[in-house]
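**Q** Before I ask anything, here is the structure I am working with.
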Amino acid sequence: MDISSVLQGGYHHPLARKWQAQRQLTKSMLMYPIFITDDPDACVSISSLPGQSRWGVNKLEAFLGPLVKKGLQSVILFGVPLKCTKDGRGTPADDPSGPVILAIQKIRQLFPTVYIACDVCLCEYTDHGHCGLLNNDGTINNTPSAARIAEVAVNYAKAGAHCVAPSDMMDGRIKAIKRGLIDAGLGNKCTLMSYSAKFASALYGPFREAAGSAPSHGDRKCYQLPPSGKGLARRAIQRDTAEGADIIMVKPALPYLDIIGDAAELAKDLPIACYQVSGEFAMIHAGANAGVYDLRTMAFETVDSMLRAGATLILTYFTPEFLDWLEA
């Protein structure tokens, strides 16, 4: 055998195998998505998302406290309004007495070291379930949509969010949000994480159950990216970088590892995030429950693939488990 053919000597030992990684998963790379509802005492299990629940603000101390002690460093909040009156412009999204703003204030009070990101979208709060404002014919009215998204983002920042993360995919919303943050004196106090390459995916099903955010008519394919749209994703990443995004996100993660790699190339001076979405999480659990593989092994394998592709921040519902697994 030729000398150059012998590779196994470099990874025959468990520790040597770890050295082969360009990037190791750490607790600081994990952001935990949590659902906040407008019943302050709620703790409602989500059937399609194993181990996940909708939480009321009064339950956050008992829920997050043990995780913070284990090393939880960041969360991203998704509002799940069940009692509010929804309308065409998503008025409840930034209601000062709504679940997201109350949760920001509560978490900052209880856990001052925890970094709080907020998903910014209108779909949970509009009566039509779309992510922006609509024209009379039911199509997206982009300009006022971006303006409204920016307004919500700024109000979350004013309430104390460390990061705003628009997931609506409206053209120009990054520039609008950045301008709004600067004008509010918050441009250097709040991170702007863009869902730059968010694809129209079948993997969002459990999330839509959890957040009650399915559109009442049509779909979101006119603003979320088509799964085959590699060029569109690259253009969106470049656009959002130029418009002032501080972090670039790809969503979903596992089917779009090539896009994560593109983001790492195109926005090489920015952190690259990816979202291991609800369907990915549910799928991994389903396979483990069927005996196809070990849950922990597959969770690590999928996340390692994201790190290998170039991600430096991973939004995952496995965060509580990883906090334990990384201690083992």
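The values are calculated or read from the model by the stated rules, or taken from the named source; none is laboratory data. The structure displayed is predicted, hence computed values, not measured ones. Note that each Cβ is placed from the backbone with ideal geometry, even for glycine, and that neighbours are counted across all protein chains shown. SASA here: full protein model, heavy atoms, side chains in, ligands and nucleic acids out. Shrake-Rupley method; radii C 1.70, N 1.55, O 1.52, S 1.80 Å.
**Q** Ranked highest first by average number of other Cβ atoms within 10 Å, how do 121-127, 48-54 line up?
**A** Going from most to least packed, we get 121-127, 48-54.
**Q** In whole angstrom, note down how far apart the Cα centers of the range 106-169 and the range 1-22 are.
**A** 47
**Q** Give the aspartates and glutamates whose C-alpha is closer than 17 Å to that of residue 69, dropping any in the same chain fewer than 8 places away, or say none.
**A** 61, 321, 324, 327
**Q** Which pairs break 30 Å Cα to Cα here: 59/230; 59/268; 18/268; 178/251?
**A** Pairs exceeding the cut-off: 59/230; 59/268.
**Q** Could you calculate the contour length gain from residue 293 to residue 47, that is, 0.36 nm times the residue separation minus the distance between their Cα atoms, to one decimal place in nm?
**A** Contour length minus the Cα-Cα distance gives 86.4 nm.
**Q** Putting +1 on Lys and Arg Cβ atoms and -1 on Asp and Glu Cβ atoms, find which of 229, 259, 311 reaches farthest to the positive end of the dipole of the range 162-311.
**A** Sorting the options by dipole projection puts first 229.
**Q** With a 1.4 Å probe and every protein chain left in place, work out the accessible area per residue of the chain in Å², rounded to a whole number. Working shown, then result.
**A** Details: 14310 Å² over 328 residues.
Accessible area per residue, the chain: 44 Å².
**Q** Further question on the same structure: What net charge do the residues around residue 179 carry, taking every other residue with its C-beta under 13 Å from that of residue 179, with Lys and Arg at +1 and Asp and Glu at -1?
**A** 0
**Q** While we're looking at this one, here's another question. As an exercise, use a Förster radius of 30 Å and the Cβ-Cβ distance of residue 269 and residue 27 to find the FRET efficiency, rounded to the nearest 0.05.
**A** Details: r = 24 Å, r/R0 = 0.80.
Computed FRET efficiency for residue 269 and residue 27: 0.80.
**Q** In addition: Label residue 235 and residue 12 with points 7 Å out from Cα along Cα→Cβ: what is the distance between them in nm?
**A** 5.3
**Q** Per DSSP H run of n ≥ 4, the term is -39500 (n - 2.57); total these for the chain, divide by its residue number, and report the mean residue ellipticity at 222 nm rounded to 500 deg cm²/dmol. Mind dumping the intermediate values first?
**A** On the way: 11 runs with 122 residues, N = 328.
Using -39500 (n - 2.57) per qualifying helix, the result is -11500 deg cm²/dmol.
**Q** Related question: Hey, with R₀ at 35 Å, roughly what FRET efficiency would residue 3 and residue 70 work out to, going by the Cβ-Cβ distance, to 0.05?
**A** Result of the calculation: an efficiency of 0.15.
**Q** If you take every DSSP beta bridge whose two residues both sit in the range 31-144, what share of them, in percent to the nearest 5, is antiparallel? Walk me through the numbers on the way to the answer.
**A** Details: 4 of 17 bridges.
Just about 25 percent of them are antiparallel.
**Q** Could you work out what % of the accessible surface of the range 25-326 is carbon and sulfur, using a 1.4 angstrom probe and leaving DNA, RNA and ligands out of the count?
**A** Here carbon and sulfur together make up 52 percent of the probe-accessible area.
**Q** R0 = 35 Å: FRET efficiency of residue 200 with residue 108, Cβ-based, nearest 0.05?
**A** That pair, residue 200 with residue 108, gives E of 0.55.
**Q** Let me ask another. Which net charge results when you count Lys and Arg as +1 and Asp and Glu as -1 among the other residues whose beta-carbon is under 9 Å from that of residue 79?
**A** Surrounding charge for residue 79 is -3.
**Q** Note down the relative contact order for the chain as a percent, whole number, built from C-alpha pairs under 8 angstrom at least six residues apart.
**A** Relative contact order for the chain comes out at 17 percent.
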